[in-house]
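First comes the structure, then the notes that go with it.
Any read-out appearing in this document is the output of simple, stated calculations on the displayed coordinates, not a laboratory observation. Computed from a prediction, not measured in an experiment: that's the story for all the values here. Note: ideal-geometry Cβ built from the backbone for every residue, glycine included; neighbour counts use all protein chains shown.
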Amino acid sequence: MTALRWIVFAIAVLAMNFPVISTLITSFKSEAEIAGNPSWWIEAPTLANYQGIFAIADRFDILHYLWNSFASSILGAGLSLLLAFPAAYAMVRFETGQKWLLPLVANLRAIPLIVFAIPLYLVYARVGLLDTELGLALILCIVNLPLVLVLLAASLRDLPAELDEAARVDGASTFGLLWRIVLPLATPALATTMVLGFVYAWNEFLFALMLTTRNAVTTTVGASFFFAASGGGVRWGTAAAVMVLSVLPPMVLGLLLYRRIGQSLAAGAVKG
Amino acid sequence: MQCALARDGRILVAPLTIFLLAMLGLPLVVDLIYSVSAVEFATILSPEFVGLANYASALSSESFWRAAWFSLRFGLLCATAQVLIGLFLAIFLEPLLARRPWLMAFLMLPMMVAPALVGLMYRLVLHEFVGVVPWFMFTYVGDSPSFLGPDNAFKTLVVVEVLQWTPFALLILYSAYVSIPADVREAAAIDGAGTWRRLVSIDLPLMGPAIGATFFIRFIDSFRVFDNVYTLTGAGAGGSTATMSIWVYEAFFKSGDIGRAVAASMLLLAASWLVLSVVHRLSQRRAGASA
């Protein structure tokens, strides 16, 4: 029975990670080998594809795309924490807006993003936020808010209220209390939420596709340009290498922090 | 004192509220105005009121209904498959995962990959000449179907979506399964209930809320899908794989049909609201029944 479980586990891991594994293997084959040998076996491993990415930097600036993804994801995730943390505290301790604001934001998760995408595009075009990292980050913040708010509210609810009361007796104001007592205690929760928000923001595609064209293009959109721009003859090896580099940051975070991410996702799903 | 706390609470909530009003409230107003106006990119600031013509135009469009039907079928099928496979894996693999929690990391990995990139990766994997799947089919089966052709595109997309997001169902259902108290199961075992009996009478009912929540989340995410379908097949031949999100996107960017696209997105919003309120009603009734 245990052997059977291991077999099922292996099949599940291989099937679910199938596209990533195949792409990783392809990225180490030369273009000639890709055309002749599509299997999982690599005859002559090479790093030529990874060097090839930088040879086309004038048309396809991978470092620029990676930087855009990084900057807008950090900014978007950070901003959502900045907005959600005080609000979550007020909701949990003073019940401010717990009846309407929390459900409203939590339910945003269920609304197709495209509903807001068109008007935001039109507004952005007027105020000059199109194709900027800041404009994209503001939207990534919205995308992250539902999960971030639910997770922070849940973790703040688990902190003992006695600490707050003790600090109140000592004469602390709400803001001093939040800064000196609650923030340090909530740091682990904030860190996990930040990582999760970063991964979600990094992987976002629809808004990045609509709102960026050149300067603020992220790596998910950049990789898709790669397919379109090369017309009929896609350079599969280089494309594979680009995709590997694009999935690396969130995957490494996922492998390192799988336990915390898993707990957060489970909590977010049940409470949201 | 109470009054001061309420004031502090409002101050703490204010930034979030203002941000939401600017980023969601304003777009919603724009949505509402343009959905009842005749407007083009050139006349974007002077919309002309046309009543419900845009809604009528969207609702009378055959491709709109085909996209709606596609998304609905896609959402239901994917959510069902993900919950069933996730449930099986969660329960069957529990003895392995309980002893070696790090195994879960490999099952969670697909969730860390951008769906848009997964779509692009399958363009490589399923490619007739350089893809490993057609190669395998040609070598060992003798023939390979055209996975992204009109006949198979829907099935292929379902498999792609299910393989990537079953981990989510597995994760939620696994944590629900392991949080069932051991003494409940032991008591049932002492009463002579076998493995299957315990599964059907104890485990599954206790996991009910988690199963419901997982199905709902997966349905919503698959229903509104954009990224992987867009990068893998686009709208497909003759719009055969256009989801609701892709239909709205193309109406806006490809056809420049702003009023129609916005009217369709308002309909989409209304539909999501309807689903949400039904689910809310259901979960409250269950909470009421168990209390």
Quiz item: Amide H to amide H under 5 Å from B:SER37: which residues, 5+ apart in sequence or cross-chain, H placed 1.01 Å off N in plane?
Solution: B:VAL50
Exercise. First check a/c for chain B, with a ≥ b ≥ c the square roots of the eigenvalues of its C-alpha gyration tensor; if it is under 1.5, answer rounded, and if not, answer prolate when a/b is larger than b/c or oblate otherwise.
Key: oblate
Quiz prompt | Residue order, fewest to most surrounding Cβ atoms within 10 angstrom, among A:LYS99, A:LYS29 | solution = A:LYS99, A:LYS29
Exercise. Using a/c under 1.5 as the rounded threshold, could you call the stretch A:1-81 rounded, prolate or oblate? The axes a ≥ b ≥ c are square roots of the C-alpha gyration tensor eigenvalues, and prolate needs a/b larger than b/c, oblate otherwise.
Key: oblate
Quiz item: If you take the square roots of the eigenvalues of the alpha-carbon gyration tensor of the stretch B:4-107 and sort them as a ≥ b ≥ c, do you get rounded (a/c under 1.5), prolate (a/b over b/c) or oblate?
Solution: oblate
Quiz item: If you rank A:LEU129, B:LEU45, B:LEU170, A:LEU82 by fewest surrounding Cβ atoms within 10 Å, what's the result?
Solution: B:LEU45, A:LEU82, A:LEU129, B:LEU170
Exercise. Would you calculate, for chain B, the mean residue ellipticity at 222 nm contributed by helices, counting each DSSP H stretch of 4 or more residues as -39,500 (n - 2.57) and dividing by all residues, to the nearest 500?
Key: -22500 deg cm²/dmol
Quiz item: So what is the calculated 222 nm ellipticity per residue for chain A, using -39500 (n - 2.57) for each DSSP H run with n of 4 or more, over all residues, to the nearest 500 deg cm²/dmol?
Solution: -24000 deg cm²/dmol
Quiz item: So what J values fall out for the stretch A:104-115 if you push phi through Karplus, 6.51 cos²θ - 1.76 cosθ + 1.60 with θ = phi - 60°, rounded to Hz, Gly and Pro as x?
Solution: 4, 5, 4, 6, 4, 4, 8, 9, x, 4, 4, 4
Quiz item: In whole Å, what is the distance between the alpha-carbon centres of the stretch B:251-280 and the stretch B:56-79?
Solution: 11
Exercise. Whole Å is fine, so just give me how far the alpha carbon centre of the stretch A:244-272 lies from that of the stretch B:88-161.
Key: 20
Quiz item: Which whole-Hz couplings ³J(HN,Hα) result when phi for each residue of the stretch B:50-56 is put into the Karplus expression 6.51 cos²θ - 1.76 cosθ + 1.60, θ = phi - 60°, listed in order with x for Gly and Pro?
Solution: 10, x, 9, 4, 5, 4, 4
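In whole percent, what relative contact order does the stretch B:168-247 give with Cα contacts below 8 Å and a gap of six or more residues?
26
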Self-check item: Whole-number percent relative contact order across the stretch A:120-204, with pairs defined as alpha carbons under 8 Å at least 6 apart
Solution: 39
Quiz prompt | In order through the stretch A:182-194: 3J(HN,Hα) via Karplus (6.51 cos²θ - 1.76 cosθ + 1.60), integer Hz, x for Gly, Pro | solution = 6, 4, x, 5, 8, 4, x, 5, 5, 5, 4, 5, 4
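Could you line up A:HIS64, B:HIS280 from fewest to most neighbouring Cβ atoms inside 10 Å?
B:HIS280, A:HIS64
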